[in-house]
Amino acid sequence: MKRYDVTALGELLIDFTEDGVSPQGNPLYEANPGGAPCNVLSMLAKLGRKTAFIGKVGRDIFGNRLRSALEEVGIDTAGLTVDEDVRTTLAFVETMPDGDRNFSFYRNPGADMMLKEEEISKDLLIYSEIFHFGTLSMTHDGVRAATKKAVDIAKKAGAVISFDPNLRPPLWRSLEDAKEQVSYGCSQCDVLKISDNEIQWFTGEEDFDAGIQKIKNQYRIPLILLSMGKSGSRAYYKDLLVKAPPFLQKNTIETTGAGDTFGGCCLHFVLKYGLDHLDEEKLKQMLTFANAAASIVTTRKGALRVMPCPEEIESLIKDRQP
């Protein structure tokens, strides 16, 4: 019996997001718990799924707060280790006029980079239905080895492998190195969640469908999920292409965590139906639910602590129905 629905490995950090200006005109920042893998897990926990996290924080104020935040939202922290010497990773998020984001990371090194192979919790991986990871845990050799060991353990245990590149160019020695690790993730996963700008960068194709087809031809991934922000989302499954429109909000604040929210909802449906029994109706339901959840998160600061509950998501869907 599997004890966990989804276990994720990767970065756990503090997102300092803009929150107005001081009387002196200086920018103010709010310290929000973050990190893509745990955002995904938080959404899943909100949907009633049993989740666990594997990663590392520093023995400092922020590391303590992050552990508490995970426990608060219902994520198992048995796989969270502590580095005695290296501080918890920090990220400062600037929202641009067009709604895009600019990241400045304090991570050279950061505690999440220091996760070692021997610190991987085998039990969490063996007893999980799905294992989820991204590329921020593959930017450097040590944590890269730990990530690949976790993937190997999970695959041998029969887990569904979920991968989200979550590209952050400033964290890589070179984008060629990043491309190599994204290729590794694609070669291992059963579910790929990728964004519009990532598919164009990775494949060199401006047309999304052409880029997805290139990935399908090379990697044979059963389910590919494409998030396109204000343009909605698409699912590619066997010979099916299913599209769903976005839920645009007038009161959007920022997009941090929206893609992770979308991904978490999609994994919820994979758990519900399995990878072998999806059809057009189920995929449409999946994308609609995930788009609605992601849109709600854009109206809130941070992500990990403010994931929407199922009732909120269903209410938004009902309100937008013609």
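The values are calculated or read from the model by the stated rules, or taken from the named source; none is laboratory data. Given the structure is predicted, the values throughout are model-derived calculations rather than measurements. Positions of Cβ are generated from backbone atoms using ideal geometry, with glycine treated the same way; all protein chains shown enter the neighbour counts.
Exactly one condition in (1) touching a residue at least 40 places away in the same chain (Cβ under 8 Å); (2) farther than 20 Å from LEU115 by Cα; (3) outside any loop (DSSP other than H, G, I, E, B) is false for ALA52; which is it?
The failed condition is (2).
In segment 79-99, what residues are within 21 Å of the chain's Cα centre (by Cα) and free of Cβ contacts under 8 Å to residues at least 40 places away in the same chain?
THR81
Any residue in segment 248-260 that's over 12 Å from GLY34 (Cβ atoms) and in contact (Cβ under 8 Å) with a residue 40 or more places away in the chain: show its pairings with residues that are of a type outside the set (Ser, Thr, Tyr) and surrounded by 15 or more Cβ atoms within 10 Å (Cβ to Cβ) at Cβ separation under 6 Å, as long as the two are six or more apart or on different chains.
ALA258/ALA294; ALA258/VAL297
Using the structure shown, decide if ASP164 is farther than 23 Å from PHE62 by Cβ, in contact (Cβ under 8 Å) with a residue 24 or more places away in the chain, buried (at least 23 other Cβ atoms within 10 Å of the Cβ) and not β-branched (Val, Ile, Thr).
yes
Could you grab the pairs with beta carbons closer than 7 Å, sequence gap of 6+ or different chains, first residue in segment 59-75 and in contact (Cβ under 8 Å) with a residue 40 or more places away in the chain, second one in a loop (DSSP other than H, G, I, E, B)?
Qualifying pairs under 7 Å: PHE62/THR88; GLY63/THR88; LEU66/LEU12; LEU66/THR88; ALA69/LEU304; ALA69/ARG305; VAL73/LEU304; VAL73/ARG305.
Any idea how many residues of segment 149-172 are in contact with a Phe, Trp or Tyr (Cβ under 8 Å, 6 or more places away or on another chain), in a loop (DSSP other than H, G, I, E, B) and over 20 Å from ILE120 (Cβ atoms)?
The qualifying residues number 3.
Going through segment 100-127 one residue at a time, which ones are among the aromatic types (Phe, Trp, Tyr), more than 19 Å from the chain's Cα centre (by Cα) and either in a strand (DSSP E or B) or farther than 16 Å from PHE53 by Cβ (or both)?
TYR106 - this is the single residue of segment 100-127 that is among the aromatic types (Phe, Trp, Tyr), more than 19 Å from the chain's Cα centre (by Cα) and either in a strand (DSSP E or B) or farther than 16 Å from PHE53 by Cβ (or both).
Residue by residue through segment 106-127, note down the ones that are of a type outside the set (Val, Ile, Thr), over 21 Å from GLY34 (Cβ atoms), in contact with a helix residue (DSSP H, G or I) (Cβ under 6 Å, 6 or more places away or on another chain) and touching a residue at least 60 places away in the same chain (Cβ under 8 Å).
LEU125
Within segment 272-312, how many residues are surrounded by 20 or more Cβ atoms within 10 Å (Cβ to Cβ), in a loop (DSSP other than H, G, I, E, B) and either touching a residue at least 60 places away in the same chain (Cβ under 8 Å) or of a type in the set (Gly, Ala, Ser) (or both)?
5
Six or more apart or on different chains, Cβ atoms under 7 Å: show the pairs whose first residue is in segment 182-210 and more than 18 Å from ASP260 (Cα to Cα) and whose second is aromatic (Phe, Trp, Tyr) and assigned to a helix (DSSP H, G or I).
Note: pairs meeting the criteria are SER187/TYR219.
Return the only residue of PHE92, PHE103, PHE133 being within 24 Å of ASN197 (Cα to Cα), surrounded by fewer than 18 Cβ atoms within 10 Å (Cβ to Cβ), hydrophobic (A, V, I, L, M, F, W, C) and in contact with a helix residue (DSSP H, G or I) (Cβ under 9 Å, 6 or more places away or on another chain).
PHE103
For segment 128-143, how many residues are assigned to a helix (DSSP H, G or I) and either free of Cβ contacts under 8 Å to residues at least 24 places away in the same chain or over 17 Å from the mean Cα position of the chain (by Cα) (or both)?
3
Go through segment 238-268 residue by residue and tally those that are polar (S, T, N, Q) and modelled with pLDDT of 95 or more.
Selection size over segment 238-268: 1.
Take the conditions under 21 Å from LYS2 (Cβ atoms), outside any helix (DSSP H, G or I) and acidic (Asp, Glu) and apply them to ASP85. Does it pass?
It is false that ASP85 is under 21 Å from LYS2 (Cβ atoms), outside any helix (DSSP H, G or I) and acidic (Asp, Glu).
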